[in-house]
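Colleague: This is the structure I want to talk about, given as structure tokens.
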Amino acid sequence: MKKPELYDLIRYFHNAKKKDGTLFPILGEDALALTASLSYLLEDTNFCIKAYSGTGKTVLMEAIGRLLPPEYVYTIEHLSETAIWYDSRAINNARFVMIPEAQKIPEGVMEIIKTWADGRQSVRKITDVTNKYKPTITQVLDPKYVLMAVAVENDKGSAMFDTELERRCMIMHTNPTVKQTELVVKHKLMHSALPRTTLSSMSDEEIDDIRAHLIKAIRERDEDDATVIKNPCAPFLFDAIPSAFPVSRSKVQYLLQLINAIARFYPHEIIRTKEDGITYGLISPKHNWLGLRIYLNSFVEECLHMPSHGTDILKLFPDTRLDKFGFADSETVKMSEGELKKAAKAAGLPFTKLRPVIAGLLMTGFLELDDDGKRKLYYKSPLINEPVAKINWSDLIEETKNFTRENWPKVADEYIGRCCSSVKIIDPFNGNNLELGERAKTAIDVADGSYPTVFKSAKDAKIRDYETFLLKAEGDYNEEEDNAVRTYYKKG
């Protein structure tokens, strides 16, 4: 059996099924599906999916649950504050807990979840008047890792899912855009017209393989002498962290936990060494690149308190430049609420709910406002570009090499040889072959690594003739490399 890739996990979600075996794929939620499943299953991260009703959060949760044996999972649905205690044996025997509609559970149950999130047992003492020898009974619920879904439009749920609980959870949102709705509707129409074998792109055997791979990784995670994961690249991820916002202090752990989870998905790539009787596992630049590729946008949005669809709305504006006096220049694009609605509609966004998003962007400083008393015009703050951090991977790899030589000398040569040279990656979202090395710049803007080796970027490889190449090539080519490119064009 070939070693599974993250792309195989995405393929599983694209071929997810209901309990009755009906195909019910998770479409357009690739980053959320990967982040939730990896962080929750392989790194024991409490995870919350926040979304509007009907956008697929429960379907995704069920698909994650079907990756596990039934005895691994306990589902809390509409249990009263007392009922949960009388089911303590089943809960304590389960490995994971799932809550499909967290906004509907009683406040007492939510307090138990907060206690679990701190890694503590939840304890309850009750009086049994029928037992004169032991009138007080202690009930215990052992700490569990929770995957929950919350409907954001439910006022009760919003009140109960407070800041105290949010900081204990990794949070992501489903995609409620028109484009996403079109994906789902088109699939349902095709489902009604075609046989199941035509719609499915993954065999039952392949699904069993990915399920077995994850279960093995979870069992290895649970071993008493499990490897302690360390990340030599971590000090050099600083540029990706929006440190101006204090919430980054708690949120950064979720980025690091996802990177660790990705390493656990590829256990054969972890470099292991023993120090003082402890087995450490060093994870590679590849694992870091994949972590940022999957989660960086959502991570930054959470740190910046970006409202839902905030990034999408910002994309409707071009960047604003500063003039010599430090103000927005005269060519700044400014849009009224009506113009924003038209642009949002054309982009496939839920334009009927723009006002709270705009208010959130104003409050967090991403948008600015011109108000002359007659008309309100919004424009992108000249101080803020797209809220996505970029990392120079060539620099990161060099810094990681030096860090490893200094701090992990026993395995430095092996680590640098295996992890810091030209590393092949399969893109988790599209299955393309990529190369992590001098060519790789960011985990957000990805170029296919399968282009001819004489070129230094996919963009250069698309240039049709040598004369145009001389004018437009973005790579820095020495004389020998330039001759190789000229020869390539002559042969073509």
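Colleague: Per residue, how much accessible area does segment 217-272 have with a 1.4 Å probe, in Å²?
Modeller: For segment 217-272, the solvent-accessible area averages 47 Å² per residue.
Colleague: On to the next question. For segment 229-285, what's the relative contact order in percent, using C-alpha pairs closer than 8 Å and at least 6 residues apart?
Modeller: 46
Colleague: Grab the other residues whose beta carbon is less than 9 angstrom from that of HIS78, score K and R as +1, D and E as -1, and report the net.
Modeller: Details: positive: LYS104; negative: GLU77, GLU101.
Net of charged neighbours comes to -1.
Colleague: Return the whole-Å distance between the Cα centroid of segment 60-89 and the Cα centroid of segment 263-287.
Modeller: Measuring centre to centre over Cα atoms gives 32 Å.
Colleague: Give the lysines reachable from LYS144 as a straight Cα distance under 17 Å; neighbours fewer than 8 places away on the same chain don't count.
Modeller: LYS114
Colleague: Something else about it: Given a 1.4 Å probe and every protein chain left where it sits, what share in percent of the accessible area of segment 1-72 is carbon and sulfur?
Modeller: 55
Colleague: Identify all lysines with a Cα-Cα distance to LYS274 below 22 Å; exclude those on the same chain that are fewer than 8 residues away in sequence.
Modeller: Partners within reach: LYS230, LYS401, LYS410.
Colleague: A further question follows. Among 96-108, 399-411, 26-38, how do they line up by average Cβ neighbours within 10 Å per residue, starting with the highest?
Modeller: 26-38, 96-108, 399-411
Colleague: Could you name the aspartates and glutamates whose alpha carbon sits less than 18 Å from that of LYS334, not counting residues in the same chain fewer than 8 places away?
Modeller: By straight Cα distance, LYS334 reaches ASP312, ASP319, ASP323, GLU368, ASP370, ASP371, ASP372, GLU386.
Colleague: What order do you get for 140-151, 478-489 when each peptide is scored by the mean count of other beta carbon atoms within 10 Å, highest first?
Modeller: On the way: 140-151: 20.4, 478-489: 13.0.
Those peptides, ordered most packed to least, come out 140-151, 478-489.
Colleague: Another question, then. Counting other Cβ atoms within 10 Å, which trypsin sites (Lys or Arg not before Pro) in segment 111-142 have at most 14 and lie in a DSSP loop?
Modeller: ARG120, LYS132
Colleague: Give me the percent relative contact order of segment 56-157, please, defined on Cα pairs under 8 angstrom at least 6 residues apart. Display every interim value, and only then the final one.
Modeller: Values: 146 pairs, mean separation 31.5, N = 102.
After rounding, I find 31 percent.
Colleague: On to the next question. List the relative contact order of segment 6-62 as a percent without decimals, with contacts defined as Cα pairs under 8 Å and 6+ residues apart.
Modeller: After rounding, I find 24 percent.
The values are calculated or read from the model by the stated rules, or taken from the named source; none is laboratory data. Please read all numbers here as calculations on a predicted model, not as lab measurements. Quick reminder, even Gly has a Cβ in these numbers, built from the backbone with ideal geometry, and neighbours come from all protein chains shown. Surface areas here come from the heavy atoms of the whole protein model, side chains and all, with no ligands, DNA or RNA. Shrake-Rupley method; radii C 1.70, N 1.55, O 1.52, S 1.80 Å.
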